[in-house]
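Each reported figure results from applying straightforward, stated rules to the coordinates on display, with no laboratory input. Fair warning: this is a prediction, and the values are worked out from it, not measured in the lab. Cβ placement follows ideal geometry from the backbone for every residue including glycine, while neighbour counts extend to all protein chains displayed.
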Amino acid sequence: CCPPGADPAGAGYPTVTVNGFFHADAIFFAQDAANAAVVGDAQDVADFRRARLSAKGEVAENVSYFMEYDFAFPGRPSFMDVYVDVADLASIGNVRIGQFRTPFGMDAMTSVKELTFLERALPTAFAPFRQIGIELYDTALDERATWAVAGYRFPTNVFGNASGDSGYGCATRETLLLYDGPCNHTLHLGGGFTYNQPSGNSAILRSTPEVGFSQLDFNSTVFPVPFFVDTGTLAAENFQVMNVELAGSRGPAVAQAEFYFATIDQLNGTQARFHGAYAQVSYVLTGEYRPYLKNQGVYGRFTPHTNYGKAGIGGWEIAGRYSYLDLNDADLAPVGAPPGFAAGGALQDLTFGLNWRLNANTEFQFNYIHAFLDRPAGDNSDADILAARAQVDF
Amino acid sequence: CCPPGADPAGAGYPTVTVNGFFHADAIFFAQDAANAAVVGDAQDVADFRRARLSAKGEVAENVSYFMEYDFAFPGRPSFMDVYVDVADLASIGNVRIGQFRTPFGMDAMTSVKELTFLERALPTAFAPFRQIGIELYDTALDERATWAVAGYRFPTNVFGNASGDSGYGCATRETLLLYDGPCNHTLHLGGGFTYNQPSGNSAILRSTPEVGFSQLDFNSTVFPVPFFVDTGTLAAENFQVMNVELAGSRGPAVAQAEFYFATIDQLNGTQARFHGAYAQVSYVLTGEYRPYLKNQGVYGRFTPHTNYGKAGIGGWEIAGRYSYLDLNDADLAPVGAPPGFAAGGALQDLTFGLNWRLNANTEFQFNYIHAFLDRPAGDNSDADILAARAQVDF
Amino acid sequence: CCPPGADPAGAGYPTVTVNGFFHADAIFFAQDAANAAVVGDAQDVADFRRARLSAKGEVAENVSYFMEYDFAFPGRPSFMDVYVDVADLASIGNVRIGQFRTPFGMDAMTSVKELTFLERALPTAFAPFRQIGIELYDTALDERATWAVAGYRFPTNVFGNASGDSGYGCATRETLLLYDGPCNHTLHLGGGFTYNQPSGNSAILRSTPEVGFSQLDFNSTVFPVPFFVDTGTLAAENFQVMNVELAGSRGPAVAQAEFYFATIDQLNGTQARFHGAYAQVSYVLTGEYRPYLKNQGVYGRFTPHTNYGKAGIGGWEIAGRYSYLDLNDADLAPVGAPPGFAAGGALQDLTFGLNWRLNANTEFQFNYIHAFLDRPAGDNSDADILAARAQVDF
């Protein structure tokens, strides 16, 4: 008689862990008259920037899963990382299927729970970020290097769906840990490339000044934080970006920089070119350090020596960043705009940050941002932004 | 060499517990002709009034969190209590940051899982309820008193967000346990005040007859339960309410009453005044009692001596309530209405309730409500409402 | 002095387990010109067909609950099974209150995590499926039979809500295990009936060709997979369906068939009649078998002898299905259409399936579907569909 099949319960699988975190933010704007005229009156905001719950675990020795939803993002809830991982498939590497952050950019690959500032730097606007598809990835050289390549449908909406007879993309990122000394002494080099053929031949590049919502909030009629730079909708054949990463750390100090160069081949035959970059430094005053995460090729969070409470003051960190995003190009041709209308704008941000980590899982962050904006319709406008965040994760 | 920081994993933090509950309701209406004419034809409804999942836990000895979403409320899911608590901050008290029920009103502070009736009393329409902000709170006098004060953005939407250059509020509630005798013999006195400057200078007060949805259901085109009283949108400078609470218990009997007085300073310079109150009594036939929760200043649930099943019949409770909400005022000036149009209406409800608690976490509730409505457009109309609920919580 | 009531904490209740699963699909269409003309151009899709999280547990020895939400379905999240079960109520049977799959149809009662193909067969379009209401159910004859009867509000929307002064339905299903031999040798007979009076007197029957979304996707402006057959909205007094089920298994082989007959009494006095059926066979090449689940009256999943990985190749299954759905009827009178306009269409699908189960909780499924469509506006059109799915459940 035929046996019925293995007993899955005996193996201790599947496992499940519930995790989550939220970012409760308060943002205050002070714009000069030129800035209010060109981008509109930015409202002061108190909001949940992110609020996520996830389940993760293993269903077998070599298969794991992750399901994460954001209840604060447009979509409410939006699909975040929702995928299954099969380890060591045919000795090539690990395979990931579902929606995930496509491998491109050091800042984009850093978890939002471990960012030095409230938001990623301006050039993150170039990254394809979360899409539905398939990825191959692994470490190499005894965990001194990482590689990843992904193919996906593009663009994927906030529910993890993509449709259309066209609409595909690919992205790749490679990193190398050049130096790996004692006491958090590291030197990191990385680079990436992405090619995207958007379904509907429609592309748009834009960014807020490193605060607030970064995506279209289609459930609200009022969008509280305006985009400071914005190409408008472009009729695009494809959209390509390359970037280079350079970073290093020594004890409680970390420095990190990236440069991005993007091209959009427009349906009218011309190519528009954009670029952006950032450089940031941070220093933990209380002496803890942000470790280098070898399997991800990014720096992580620091954990206080002593928690805030009767025994201590927690951990304190200061940080500074310069970033810019230049979306001006003479060949830029937004749909419905006159030819040669280089309307995207160029934005520079200077940010000073103060982070108070009460314990491993609670952090209060404070950012002061000065934004310099150049747009054809309003040159040389300025805005000052104060932003505070309470973060707890579990 | 610098040490890396503490190991968070060793401390047993963070902890996480998943909780939830739902309310499955069936509501049947019988309106007289005048009532149907003035508020519209109320449809019979079967629905999930509330359906919540939450994660809560501690991330350190002195820091805890709560994340709760409601999948049945408008917003689907809506943000409920989403906050981080830091205990004993600088010896002042506990600090709460995020979205929470602002401290105002004994009925509003009672958990919906422990309500005597299906819904809170009519004057709850005056409470600011959940907003995003910061709260200080603690107990005093050896847990015989509680105090709480909160500042917040107002109004906060169902996703926990608020924006606008104006739009702030504050609320406070203080309670005192005057008598704390044996065998659930208690006497409670309390009071509160709230001041709110709505963003957009827009305020509205309204209520259904203590059944069904109590908030704008913007995802449905058909709103099944009509508002019986409704001021319409008011152009308002500010909105203030004060209330007093008096309650007591003796064994299985509980009595509770509140009075509310509200003023709205309208942009036209006039002040509109409203008031409301309720008084309710309940008695557990099977002898269990609702304990007084000292740290919250409210009465909780009763737990049956024997569960329903082979061994017993569970716990049975009867209850009665009178409540009213008077939204008429000669100075009321809804936007777009002629001056002096006192259109809010006055509503009185008589409710009889029967609660069958099968075990600590399962309850069937039955309410019969007779609603008396006076509105300018239709005086002296009546409606009879039968409502049943299945509740399970975990 | 009165005792306070039992201590619920001592009993070990409530319990809670978090579960979930997702279906990440890729679908590719090849339509002939006639098919593209009559149903429109079907777009290639990559999407999350289903993505669910649930909490389940017990709150007492005889009371359990289930709360499940789908983050991919329209509604996002949609209410799935959300109910409380009370066992052995008054010796009649088990009682279920809330939203659940109404008892009708063997395919509909089979969990989507255990389907042989990506989607249920075409005639599932006749099943009322999930509604809010109350159900009585149990097994009989020493678990050789099951019975279930449910009364509910109809139709229930994706949030578990129904309203209207009319709008009720009932459904029932009975099954019998005729033969229960060794080594998964079984013979199953079943049948069901459902009567529904839709609120608003509005009914609609329709189906995609066994791929993609099966319900109205009201959050997307573009609905990627067209309905191949569609009656249009019918002004209906009531909607009735009966069905018969016949199925059997022998070791790794399973065969299953159902026939459905439906009538709609239209408000114009005429009755429209429809029918559909399917027959399917499956065989697990690696020898495992799909067990018969006696308390549900359906076949379950097979579990590989050896997991995919170093030790093995997992389990492999092949399957075939023929199904049809005939929505043509001379008396069909869609709202706004001329009398006698038999517009529903008749669809036949031939499906070949290949399932690779890596372990008990991970499966990759591949379906090739050939769809034959007859509609008045375009006779004899064809479409070929390739669909792949990654499923992980926990």
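Determine the calculated [θ] at 222 nm for chain A from helices alone, applying -39500 (n - 2.57) to every DSSP H run no shorter than 4 residues and normalising by the residue count; nearest 500 deg cm²/dmol.
-500 deg cm²/dmol
Explain nothing, just the number: dipole magnitude of the protein assembly as shown about its Cα centre with +1 on each Lys and Arg Cβ and -1 on each Asp and Glu Cβ, in debye rounded to the nearest 20.
1520 debye
What FRET efficiency, computed as 1/(1 + (r/R0)^6) with R0 = 35 Å and r the Cβ-Cβ distance, is obtained for residue B:263 and residue A:384, rounded to the nearest 0.05?
0.40
Enumerate the calculated ³J(HN,Hα) couplings along region C:306-318 in order (Karplus 6.51 cos²θ - 1.76 cosθ + 1.60, θ = phi - 60°), each rounded to whole Hz, writing x wherever the residue is Gly or Pro.
10, 5, 5, x, 4, 8, x, 10, x, x, 10, 9, 10
In nm, what does the list of distances from residue C:291 to its counterparts in the other copies look like, shortest first, when each label sits 7 Å along Cα to Cβ?
4.2, 4.2
In whole Hz, with x marking every Gly and Pro, tabulate ³J(HN,Hα) for region C:356-364 from phi via Karplus 6.51 cos²θ - 1.76 cosθ + 1.60, θ = phi - 60°.
The phi angles translate into 10, 9, 5, 7, 4, 10, 10, 9, 10 Hz.
What is the residue of chain A with the smallest Cβ distance to the axis taking A onto B, and what is that distance in whole Å?
A:18, 3
Determine the dipole magnitude for region B:20-393: charges of +1 sit on the beta-carbon of Lys and Arg, -1 on that of Asp and Glu, nothing else is charged, the reference point is the Cα centre, and the result goes in debye to the nearest 20.
620 debye
Amide H neighbours of residue B:167 under 5 Å, at least 5 residues apart or on other chains, H built in the peptide plane: list them.
B:199
Put +1 on the Cβ of every Lys and Arg and -1 on every Asp and Glu Cβ in region C:230-387; which of C:241, C:300, C:376 then has its Cα farthest towards the positive end of the dipole?
The listed residue farthest towards the positive side: C:300.
Rounded, prolate or oblate: pick one for the protein assembly as shown, where a ≥ b ≥ c are the square roots of the eigenvalues of its C-alpha gyration tensor, a/c under 1.5 means rounded, and failing that, prolate if a/b is larger than b/c, else oblate.
Verdict is rounded for the protein assembly as shown.
Under a 5 Å amide H to amide H cut-off, with H placed in plane at 1.01 Å, what residues pair with residue A:328 once short-range neighbours are removed?
A:345
Modelled label-to-label distance, residue A:350 and residue A:114, 7 Å Cα→beta-carbon offset: nm?
3.1 nm
Would you mind listing the distances between the residue B:267 label point and the same position in each other copy? Use 7 Å along Cα-to-C-beta, nm, one decimal, shortest first.
With the label placed 7 Å along Cα→Cβ, residue B:267 yields 4.3, 4.3 nm.
In percent, what relative contact order does chain B have, based on Cα pairs under 8 Å that are 6 or more apart in sequence?
Reported relative contact order: 16 percent.
At a Förster distance of 30 Å, what's the computed FRET efficiency of residue A:180 paired with residue A:242, Cβ-Cβ distance as r, to 0.05?
Computed FRET efficiency for residue A:180 and residue A:242: 0.70.
So what's the gap between the Cα centers of region C:167-204 and region B:101-156, to the nearest angstrom?
Using only Cα atoms to place each centre, the spacing works out to 48 Å.
Can you figure out the FRET efficiency of residue C:30 with residue A:15, using R₀ = 30 Å and their beta-carbon distance, to the nearest 0.05?
FRET efficiency, residue C:30 to residue A:15: 0.15.
Mind checking which of C:12, C:203, C:347 is farthest towards the positive end of chain C's charge dipole, using Cβ charges of +1 (Lys, Arg) and -1 (Asp, Glu) about the Cα centre?
Value computed over the given set: C:12.
Can you sort B:242, B:67, A:109 so the residue with the fewest Cβ neighbours within 10 Å comes first?
Lowest count first: B:242, A:109, B:67.
Pairs to check: C:56/C:113; A:56/C:310; A:56/B:56; B:56/C:113. Give those whose C-alpha atoms are more than 20 Å from each other in this structure.
Violating the 20 Å limit, Cα to Cα: A:56/C:310; B:56/C:113.
Mind running the shape call on region B:314-394? Use the C-alpha gyration tensor, a ≥ b ≥ c as the square roots of the eigenvalues: rounded below 1.5 for a/c, prolate if a/b tops b/c, oblate otherwise.
Prolate, since a/c reaches 1.5 and a/b exceeds b/c.
Quick check: pseudo-label points 7 Å beyond the Cα along Cα→Cβ at residue A:318 and residue B:61, how many nm apart are they?
Going by the 7 Å Cα→Cβ label model, 3.0 nm.
Does chain B classify as rounded, prolate or oblate by the C-alpha gyration tensor (a ≥ b ≥ c root eigenvalues; a/c under 1.5 gives rounded; else a/b over b/c gives prolate, otherwise oblate)?
Oblate is the answer for chain B, as a/c is 1.5 or above yet b/c matches or exceeds a/b.
Using 0.36 nm per residue of separation minus the Cα-Cα distance, give me the extension gain between residue C:366 and residue C:253 in nm, one decimal.
Here the segment from residue C:366 to residue C:253 would lengthen by 38.8 nm.
For a footprinting-style exposure proxy, rank A:82, C:86 by other Cβ within 10 Å, fewest first.
Ranking A:82, C:86 by Cβ neighbours within 10 Å, fewest first, gives C:86, A:82.
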